[in-house]
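What follows is a short report on a single structure.
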């Protein structure tokens with residue numbers, strides 16, 4: 001997906017930006033970038049691939065060349081960025097997070113004459129951040145340009161601009177699908193996706209941007225340039241999977257949401273009489289652990305960690321480009337504790353079940369290690385739709401999702417007309433899908449958290465949360 005961090009200070013803030021960006025590494029594995037501004041020497045920029053080496057390692061050698069009192073940086077799962085842009089609006093740096101689904105249409109409509117061109121990446125696609133810059137530059141100022149770009153884009157757009165005056169302009173997506181928070185200390189201000197990133201750097205919570213809001217940030221404070229809108233559709237998957245445990249979005253902590261979510265799921269199974277009797281409840285590392293703690297607490301069954309992920313060398317199993325290598329890395333990371341597996345009945349909670357490939361291998365690994373039973377619970381509903389608002393998955397087809405493939409196998413095209421029923425475990429179709437996935441992946445039982453359960457755990461009004469990937473509706 002990606003994330004960003006920026007700071008404006010009365011002192012050199014290179015280290016703040018370096019560590020602030022590094023604390024967003026859980027949000028992407030493709031590229032990292034930093035741009036620092038100094039009033040005398042101007043902009044300094046570096047972009048590196050972080051596919052096989054962490055951000056911190058790649059950028060440590062650049063630190064002695066960076067100097068300045070303002071800057072921005074990003075973790076990107078897509079394009080190389082931040083970019084330096086020169087236009088009638090002046091020289092500025094730009095980094096974006098989101099997705100543009102109508103990029104080809106925008107290019108054809110607004111930039112098809114011979115006076116416009118874009119540098120193509122190796123894939124042949126246009127750099128999305130470059131396209132955003134071109135849309136911004138159609139207007140007479142940055143604020144109007146950002147609002148213009150957000151209106152035209154089918155998808156989402158959250159961004160940071162670093163100006164040649166050393167100020168930062170931050171803009172949250174017009175439906176607030178991702179968070180943007182401002183921290184402040186005695187020397188200046190920072191802007192971030194993750195609040196814990198600036199807490200560790202000595203900043204205190206100052207402000208959280210509303211949907212569509214645009215804010216100017218300086219070393220003396222911040223001011224709203226364009227007021228927030230009333231509609232918000234923040235991504236529910238932030239709490240289920242993407243968010244770091246210490247993070248707070250719209251005042252809701254990620255770790256506490258996951259505890260509540262697991263409790264709600266276990267309570268529902270108790271009431272329906274489908275709670276299995278097991279020796280241990282466990283979480284699939286790492287993001288399933290907190291959900292499992294809540295599940296174990298409510299069910300009264302013992303929480304344990306039957307296997308550990310070895311992460312010092314491979315913090316994210318999908319980092320390699322090659323799928324075969326990714327699968328092998330996933331296997332290598334799973335280190336069993338035989339005393340907690342052999343002859344034991346185990347129930348695992350995972351944050352989600354997307355394609356199911358690695359989960360099938362995890363179950364095989366557990367049975368090979370002597371498990372007597374393996375029950376699986378998903379901390380969210382079946383994923384029926386590929387996200388069209390954020391780059392949270394590299395997949396582009398709904399049929400890559402195990403739930404949609406299973407529906408097709410069960411009922412063909414007719415089944416695609418009844419996805420709501422299949423997503424509901426209380427219906428006949430829902431039970432059929434559960435049984436089919438259970439057999440396919442080798443579980444002794446399978447359960448999904450309900451949509452109502454997830455929304456109850458988050459605690460925000462239903463109309464403020466995007467649940468498209470589960471329901472097909474915002």
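Please determine whether any residue of segment 58-72 is more than 20 Å from residue 97 (Cβ to Cβ), in contact with a helix residue (DSSP H, G or I) (Cβ under 8 Å, 6 or more places away or on another chain) and part of a strand (DSSP E or B).
no
Can you tell me which residue is farthest from residue 98 (Cα to Cα) among those in segment 1-45 that are free of Cβ contacts under 8 Å to residues at least 40 places away in the same chain and crowded, with 18+ Cβ neighbours inside 10 Å?
Among them, the one singled out is 36.
Could you please find all residues in segment 276-287 being in a loop (DSSP other than H, G, I, E, B), at pLDDT 95 or above and buried (at least 20 other Cβ atoms within 10 Å of the Cβ)?
Scanning segment 276-287 gives a single hit, 278.
Taking strands (runs of 3 or more DSSP E) that fall entirely within segment 136-235, which contain at least 1 residues that are within 24 Å of residue 28 (Cβ to Cβ)?
Once the strands (runs of 3 or more DSSP E) in segment 136-235 are filtered for at least 1 residues that are within 24 Å of residue 28 (Cβ to Cβ), what remains is 155-163, 168-171, 181-184, 188-192, 204-208, 214-218.
Only one of these is out of contact with any helix residue (DSSP H, G or I) (no Cβ under 8 Å at 6 or more places or on another chain), more than 15 Å from residue 363 (Cβ to Cβ), in the same structural domain as residue 380 (by TED's automatic domain parsing) and buried (at least 20 other Cβ atoms within 10 Å of the Cβ): 401, 419. Name it.
Numbers: 419 fails: out of contact with any helix residue (DSSP H, G or I) (no Cβ under 8 Å at 6 or more places or on another chain).
When all the criteria are applied, what remains is 401.
Just to be sure before I move on: is residue 77 on the phi < 0 side of the Ramachandran plot, in the same structural domain as residue 218 (by TED's automatic domain parsing), at pLDDT below 90 and in contact with a helix residue (DSSP H, G or I) (Cβ under 8 Å, 6 or more places away or on another chain) in the structure I sent?
yes
What about residue 395, is it modelled with pLDDT of 95 or more and not in a helix (DSSP H, G or I)?
no
The values are calculated or read from the model by the stated rules, or taken from the named source; none is laboratory data. Quick caveat: nothing in here was measured; it's all calculated off a predicted structure. Because the Cβ atoms are built from the backbone with ideal geometry, glycine has one as well, and the counts that use them run over all protein chains shown.
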